[in-house]
Amino acid sequence: MLKSGDYAIINNFEYEIYDNGDDTFNLVTNDPQSIKEGFSKDNFSNIFFKIINVKDLKNAFNVKTYGKYKNVEINVHKENENQFLVGTSDSSIAKTLGLDRTDKYYYEKWVPKEDVQLFEVRKPLIF
């Protein structure tokens with residue numbers, strides 16, 4: 001699974017978080033058992049959320065998933081059952097990896113999942 005966005009670890013569980021713009025954040029999960037922890041079910045989707053104060057976010061971070069394809073670090077944008085969509089803005093890397101130009105300054109290609117080693121880069125969020 002490709003992970004991208006802001007997350008926090010609270011009580012040993014990792015939650016996606018969204019800033020409400022008023023010193024509060026939504027913790028978001030797909031786990032129905034979270035109702036026992038004070039989460040509410042969203043009326044329009046199968047997610048559960050809980051509003052917390054920014055002062056309660058002690059371990060928050062931004063996550064971006066990248067991949068290593070043919071020994072080159074590269075962006076990974078999407079996935080389907082068998083492939084990842086990888087890309088770069090570096091034309092020399094694109095040429096080496098056989099990526100197709102999809103924008104004025106960007107190159108992409110669907111590649112087999114088994115050819116890509118995923119890794120996450122986590123950067124602390126400071127409030």
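Across the chain, the relative contact order, built from alpha-carbon pairs under 8 Å that are at least six residues apart, equals 23 percent. Within the shell defined by Cβ-Cβ distances under 11 Å, the residues around residue 107 carry a net charge of 0, with Lys and Arg each +1 and Asp and Glu each -1.
Its relative contact order, with pairs defined as Cα atoms under 8 Å and 6+ residues apart, puts region 64-124 at 38 percent. Match the structure shown to one of the listed values (1) 78; (2) 50; (3) 21 of percent of Cα pairs over 22 Å apart, computed from it, and give that label. Evaluating percent of Cα pairs over 22 Å apart on these atoms matches (2).
The order of 81, 14, 108, going from fewest to most other C-beta atoms within 10 Å of their C-beta, is 81, 14, 108. Under a model in which nothing but the beta-carbon of Lys, Arg (+1) and Asp, Glu (-1) is charged, the chain shows a dipole of about 300 debye around its Cα centre.
Diffusion coefficient (Stokes-Einstein, Kirkwood radius over C-alpha pairs, 25 °C, 0.890 mPa s) for region 64-124: 210 µm²/s, rounded to a whole number. A simple spin-label model places the labels of residue 83 and residue 11 4.3 nm from each other, with each point 7 Å out along Cα-to-Cβ. Value of Rg to Rh for region 4-58, rounded to two decimals, is 0.93; Kirkwood radius and Rg both from alpha-carbon coordinates.
By the count of other C-beta atoms within 10 Å, a proxy for reagent exposure, 48, 13 are ordered fewest to most as 13, 48.
Would you list, by chain and number, the lysines whose Cα falls below 22 Å from the Cα of residue 95, excluding same-chain residues fewer than 8 positions away? Cross-link targets: 68, 70, 78, 104, 109, 113.
Can you sort 24, 88 so the residue with the fewest Cβ neighbours within 10 Å comes first?
24, 88
Just so you know, all these numbers are worked out from the coordinates, no wet-lab data involved. Treat the numbers as computed from the prediction; the structure is a model and nothing was measured. Using ideal geometry, Cβ is built from the backbone for each residue, glycine included, and neighbour counts are taken over all protein chains shown.
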